[in-house]
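Reading through the structure tokens given below for one structure.
The values are calculated or read from the model by the stated rules, or taken from the named source; none is laboratory data. Keep in mind that what you see is a predicted model, and the values were worked out from it rather than measured. Note: ideal-geometry Cβ built from the backbone for every residue, glycine included; neighbour counts use all protein chains shown. Remember, those area values only see protein heavy atoms, side chains included, never the ligands or the DNA or RNA. Shrake-Rupley method; radii C 1.70, N 1.55, O 1.52, S 1.80 Å.
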Amino acid sequence: MSVLQEISSDVRNMKQMENFVLFRRTNEIKEELRRGVRKSYREVIDVSWGDPHRAGVKPLSFVRQVLAACLYSELMDGDKLMVDVKQRAQRLLGTCAGGSVGSYCATAGIPQTLQSVSQYIMRRDGGVPCHPENIYISPGSQWALTNILKVLVNSEASPRTGVLIPVPCHSTTIISLTTLGAVAVPYYLREERGWALEMEELQRALDSAKGVCNPVALYMINPGNPAGYVQSRKSIQEVIRFAAEKKLFLLADEVFQDCVYGKESEFVSYKRALAEIGAPLSDSVELASFHTASKGLMGECGLRTGYVELVNLDPAVMKHINNLFSTNSCPILGQIALDVMVNPPQPGDPSYPLYLKETQHIRASLAQNVRRVEEVINSFPDFSCQPLEGGAFAFPRLFLPPKAIERAKEAGLQPDTFYCLRLLEEAGVLFSPGTEYGQKEGTYHIRFCIMTPSDTMEEILRRLSAFHEQFMKEFS
Amino acid sequence: MSSMKDVNPRVLGIRDPVSLQSLAARITEQIAQGEQKPFQRVIDVSCGDPHRAGMPPLSFARQVLAVCLYPELLKESSFPVDVRQRAEKLLGACNGGSVGSYSASSCGIPQIQKSVAEFITRRDGGVASDPEDIIFSSGSQKTLKLVLHLLSSGQGPTQTGLLTPLPCPHTLPMLLDEVGVKLVPYQLLEERGWAIDLEELHRALKAARRHCEPRAIYISNPGNPTGHVQDLKTIEEVIRFAASERLVLLVEEVYQDSVFGQDKKFLSYKKVLFEMGASFSESVEMVSFHSISAGTMGECGLRGGYMEVINMDLLVKNFLTSMQGPSSPPVLPQLALEIMVNPPSPGDASYEVFTQEILQKVETLAQNAQRACEFLNAVPGMSCQPAMGGVFLYPRLHLPAEIIQEAQRSGLRADVLYCKKLLEEEGVCLGPGSENGHDDENYHIRLCISAPTAVLEDVLKRLRSFHLWIQDRHH
């Protein structure tokens, strides 16, 4: 028997992710289509990931031109590229060792990029000071989150370390927690109130941890994933006070801060809200805020770059965080994309008109998609969608008939996985089941990415509607 | 968690990095601000970072990657036709035709897994490699961490131990601290060009078993930082040793395309394993690591690497592949990997230039290795084993007693103090051997020789001047 299997309890305890079933079947169907097997659709539309490019959204030209020029500087000869692209590429290359994106950089990231990011944060937060030394650029926000969790979670401790997480919560965080040996303490968001966070629920969750684990942190996702809520300033401040009172470390996952479209919604960062509360809380509550280049209008998931800003941490602890982050190096190209993200073309720059056109187009498509999704889903009696205010996903609730639930159980699948599998088979659309994210017992949801070209979304909704009617009829 | 006592003890246990590179960066900044120093610029050759030292990237790779990033360039006729074709093919392998999408699976892009598997099969003279055994990550250290995480368990006498060469790659000790695996050193034989000694392996293992549970052995071939290239006999001995002692083999082979020693050839552990017959090839658990950071590509900043898992239990493999879930590998480096394993072929438009560039790099490396070794051996108080491969030289230093005492007083290791002074006096940043595990009086320094020859010459002269001064001052 394998040496590794013998010793690793993680391997022994691993349970098959439901996702594998859908994933495997998707690949099989793609293969069948390639071989010419006839289906009622010609291609599979995969919106199970938060991956706009996969869904067909085009990357922003400016960022790609700058990246290409940084990779292959000969491109800057002649007139192939606009002046501001060349200037940006030259400036950024100048910040790389040896003038090459192929060199290693310092632990926390390229110093000038850290400066740019900190200035962006200050602008975003209406002037609240931000120090570059508190920022760490990382290969993806999840990587940074895992590192911070690593500092907080002692897998050998008894009682075990607990982290409060929302239900629903995106699956990657859940996996990170499990791998680190932490206990996830769920607090349920109130679906009927637009996935609102209720303080009594937070208290209940904290109480439930007594005797089970030692909760040290509170993880918030704003704007939400998978649910599309945007937290109000008031709610954020309530959470901050709660964390202060209960001595919990705040982990604010804010990767969708650039995707806010609800008419009454406004993104307020946890950092800003904390500053506005004032002393003594603003000087003492410990906070880690996460952002990324993967989401928002850039959608550059494949580049793998994000950052974490640490607020009010003990300098001695920061030193150890530095050691931890220094065990892996951060991709240079991603940092360049990050620089562009925090410093996009401005009015007057030659690239601005195209940049404006492209970003407006993406925003318009998103707004259109939101409207259509809510319209279509809510038109079904057994399908409901809370108002979408932010983020990149819809997370509607399915009211499945008992027969469907039965059939799912017979197949050894969760009911929403069963629905998704059938949707995939019959309509060639891939969503992910609510099971992946956690949901109230007895409720079923599905998640799909809404950052797609508008006509793709129309096609998705068309296929979904046809399938849904059929499915519900079959199991009525 | 507002104090040290709440911090995860595992994190507290990560040793402090030496930070010479940040000092180097600070001094560079000071020079830029106009501060006067005894030198014009800092040269940092402490890490295997050829571009930093001024080595150019491979044109074909950069052109293809640029086109992949900005597909408008597919219409650009000034790019050779094979560049555009390759970019088109690679973009076709990306979801949504964009390098900005997540990889199709958490191990990486399937078509590229296939390319890598084919490369390995070719390299190993037909020993088959399965694409499903290839797992990509953002750098070989990252993939290594995944495996080490699996191995990590226990505390005190039950803690997992890893037999680690002494000297080892300088990034390894911190990694082991982080995952909670005990570093168990096996000494390489300096007098024999840093060869592995089987008796020493046995000794180290026996000693280790008294205070931990050794589960795996780490191999670096070609050696980092030693430059040693293992011969067939050695590899077979190590495999037999690992097999009989039930140790998992972790074989880092990132410098496999940088072998320049006379009559030396890179032999992959996997190939040798399979040639040893079924009793070994079907049972010895092994993981091989490769990366685009090393060798002729030198693309450290792109962050790309892969591991091939051999004879790994299916459950373990599943776990490894799903562990990537939270951090899927970046796309662009996978494309760079594809280019690394599938370079232009004879007849392709870019073949001539590409081959020229590779040849030049390898020649430079070989010349540098020889020149630097001769040079350093002629410096009193220094001795250097010749390197056969890899990108480092690892000379031994004799340090005057006064330096050692000063070091003790300032709480630094003597070789770190030496490197710090060298940096401050001459503007040259080298790596102290204590990062590579030599933390006794056996002082060494490491320097990266993958640099333009003129740069290396500069480094050598400054180093000699400094070393003579140091010895002179204290006599």
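Identify, from the list B:Arg52, B:Arg15, the residue that is within 7 Å of another protein chain (Cβ to nearest Cβ), open to solvent by 60 Å² or more (accessible area, probe 1.4 Å) and under 24 Å from B:Met174 (Cα atoms).
Among B:Arg52, B:Arg15, only B:Arg52 is within 7 Å of another protein chain (Cβ to nearest Cβ), open to solvent by 60 Å² or more (accessible area, probe 1.4 Å) and under 24 Å from B:Met174 (Cα atoms).
Which residue pairs have Cβ atoms under 6 Å apart, sit 6 or more places apart or on different chains, and have a first residue in segment A:32-46 that is within 14 Å of another protein chain (Cβ to nearest Cβ) and open to solvent by less than 60 Å² (accessible area, probe 1.4 Å) and a second that is part of a loop (DSSP other than H, G, I, E, B) and of a type outside the set (D, E, K, R)?
Close Cβ pairs (under 6 Å, with a partner that is part of a loop (DSSP other than H, G, I, E, B) and of a type outside the set (D, E, K, R)) amount to A:Val44/A:Gly428.
What number goes with the only condition from (1) within 11 Å of chain A (Cβ to nearest Cβ); (2) of a type in the set (Gly, Ala, Ser); (3) without any contact (Cβ under 8 Å) to a residue 60 or more places away in the chain that B:Gly161 does not pass?
The failed condition is (1).
Only residues that are more than 7 Å from chain B (Cβ to nearest Cβ), touching a residue at least 40 places away in the same chain (Cβ under 8 Å) and not in a loop (DSSP other than H, G, I, E, B): list them for segment A:319-332, please.
Correct list: A:Ile321, A:Asn322, A:Phe325.
Select, from A:Ser141, A:Ser100, the only residue that is hydroxyl-bearing (Ser, Thr, Tyr) and touching a residue at least 12 places away in the same chain (Cβ under 8 Å).
A:Ser141
Give me the residue from segment A:291-318 that is more than 10 Å from chain B (Cβ to nearest Cβ) and of a type in the set (D, E, K, R) and, out of that set, nearest to the chain's Cα centre (by Cα).
A:Lys295
Among (1) touching a helix residue (DSSP H, G or I) at 6+ places or on another chain (Cβ under 9 Å); (2) within 12 Å of another protein chain (Cβ to nearest Cβ); (3) in contact (Cβ under 8 Å) with a residue 40 or more places away in the chain; (4) under 18 Å from A:Thr107 (Cβ atoms), there is one condition A:Leu338 misses while meeting the rest; what is its number?
(2)
Which ones in segment A:86-107 are open to solvent by less than 50 Å² (accessible area, probe 1.4 Å) and at the interface with chain B (Cβ under 10 Å from one of its Cβ atoms)?
A:Cys96, A:Ala97, A:Gly99, A:Ser100, A:Val101, A:Gly102, A:Ser103, A:Cys105, A:Thr107
Pull out all pairs, ordered by first then second residue, where Cβ-Cβ is under 7 Å, the residues are six or more apart or on different chains, the first lies in segment B:396-410 and is over 28 Å from B:Glu374 (Cβ atoms), and the second is open to solvent by 70 Å² or more (accessible area, probe 1.4 Å) and not in a helix (DSSP H, G or I).
These pairs meet every condition: B:Ala407/B:Arg413.
Select from segment A:49-61 the residues that are crowded, with 24+ Cβ neighbours inside 10 Å and more than 7 Å from chain B (Cβ to nearest Cβ) and write down the one among them that is modelled with the highest pLDDT.
A:Leu60
Would it be correct to say that A:Ser155 is closer than 26 Å to A:Ser432 by Cβ and either buried (at least 22 other Cβ atoms within 10 Å of the Cβ) or in contact with a strand residue (DSSP E or B) (Cβ under 9 Å, 6 or more places away or on another chain) (or both)?
Answer is no for this residue.
Quick one: is B:Gln113 surrounded by 24 or more Cβ atoms within 10 Å (Cβ to Cβ), touching a strand residue (DSSP E or B) at 6+ places or on another chain (Cβ under 9 Å), over 30 Å from B:Gly431 (Cα atoms) and polar (S, T, N, Q)?
Considered against the rule, which asks whether it is surrounded by 24 or more Cβ atoms within 10 Å (Cβ to Cβ), touching a strand residue (DSSP E or B) at 6+ places or on another chain (Cβ under 9 Å), over 30 Å from B:Gly431 (Cα atoms) and polar (S, T, N, Q), B:Gln113 comes out as yes.
Among the candidates A:Ser384, A:Ser365, which residue alone is of a type in the set (S, T, N, Q), open to solvent by less than 50 Å² (accessible area, probe 1.4 Å), modelled with pLDDT of 90 or more and in contact with a Phe, Trp or Tyr (Cβ under 9 Å, 6 or more places away or on another chain)?
A:Ser384
Among the residues of segment B:407-444, which ones are hydrophobic (A, V, I, L, M, F, W, C), under 25 Å from B:Pro386 (Cα atoms) and either in contact with a Gly (Cβ under 6 Å, 6 or more places away or on another chain) or assigned to a loop (DSSP other than H, G, I, E, B) (or both)?
B:Leu430
Take the residues of segment B:59-85 that are small (Gly, Ala, Ser) and open to solvent by 10 Å² or more (accessible area, probe 1.4 Å): which is nearest to the chain's Cα centre (by Cα)?
If we take residues in segment B:59-85 being small (Gly, Ala, Ser) and open to solvent by 10 Å² or more (accessible area, probe 1.4 Å), then B:Ser59 is nearest to the chain's Cα centre (by Cα).
For segment A:330-337, state whether one or more residues are open to solvent by 20 Å² or more (accessible area, probe 1.4 Å) and among the small types (Gly, Ala, Ser).
no
Do the conditions hold for B:Pro344, that is, is it surrounded by fewer than 16 Cβ atoms within 10 Å (Cβ to Cβ), more than 14 Å from chain A (Cβ to nearest Cβ) and assigned to a loop (DSSP other than H, G, I, E, B)?
In short, no.
For segment A:149-174, which positions are at the interface with chain B (Cβ under 10 Å from one of its Cβ atoms), among the β-branched types (Val, Ile, Thr) and closer than 28 Å to A:Met341 by Cβ?
A:Val151, A:Thr172, A:Thr173, A:Ile174 - these are the residues of segment A:149-174 that are at the interface with chain B (Cβ under 10 Å from one of its Cβ atoms), among the β-branched types (Val, Ile, Thr) and closer than 28 Å to A:Met341 by Cβ.
Kindly indicate whether any position in segment B:109-119 is more than 29 Å from B:Ser350 (Cα to Cα) and free of Cβ contacts under 8 Å to residues at least 40 places away in the same chain.
No: zero hits.
Can you tell me which residue among A:Leu145, A:Leu164, A:Leu149, A:Leu180 is in contact with a Leu (Cβ under 8 Å, 6 or more places away or on another chain) and open to solvent by 10 Å² or more (accessible area, probe 1.4 Å)?
A:Leu180 is the lone residue from the list that is in contact with a Leu (Cβ under 8 Å, 6 or more places away or on another chain) and open to solvent by 10 Å² or more (accessible area, probe 1.4 Å).
Take the residues of segment B:116-161 that are basic (Lys, Arg) and in contact with a strand residue (DSSP E or B) (Cβ under 9 Å, 6 or more places away or on another chain): which is nearest to A:Thr179 (Cα to Cα)?
B:Lys145
Quick check on segment B:452-474. Is at least one of its residues in a loop (DSSP other than H, G, I, E, B) and crowded, with 22+ Cβ neighbours inside 10 Å?
No, because not a single residue in segment B:452-474 is in a loop (DSSP other than H, G, I, E, B) and crowded, with 22+ Cβ neighbours inside 10 Å.
Is it true that B:Ile339 is more than 7 Å from every other protein chain (Cβ to nearest Cβ), at pLDDT 85 or above and either assigned to a loop (DSSP other than H, G, I, E, B) or out of contact with any helix residue (DSSP H, G or I) (no Cβ under 7 Å at 6 or more places or on another chain) (or both)?
The answer is no for B:Ile339.
Could you list, in sequence order, all residues of segment B:303-322 that are at pLDDT below 85, open to solvent by 10 Å² or more (accessible area, probe 1.4 Å) and more than 7 Å from every other protein chain (Cβ to nearest Cβ)?
If the condition is that a residue be at pLDDT below 85, open to solvent by 10 Å² or more (accessible area, probe 1.4 Å) and more than 7 Å from every other protein chain (Cβ to nearest Cβ), then B:Leu314, B:Lys317, B:Asn318, B:Thr321 are the ones that fit.
Could you tell me which residue of segment B:195-213 is nearest to B:Leu447 (Cα to Cα), considering only residues that are open to solvent by less than 40 Å² (accessible area, probe 1.4 Å) and within 23 Å of the chain's Cα centre (by Cα)?
Checking each candidate, the answer is B:Ala195.
Would you confirm whether any residue within segment A:202-223 is in a helix (DSSP H, G or I), open to solvent by 10 Å² or more (accessible area, probe 1.4 Å) and farther than 25 Å from B:Asn8 by Cα?
Yes: one or more hits.
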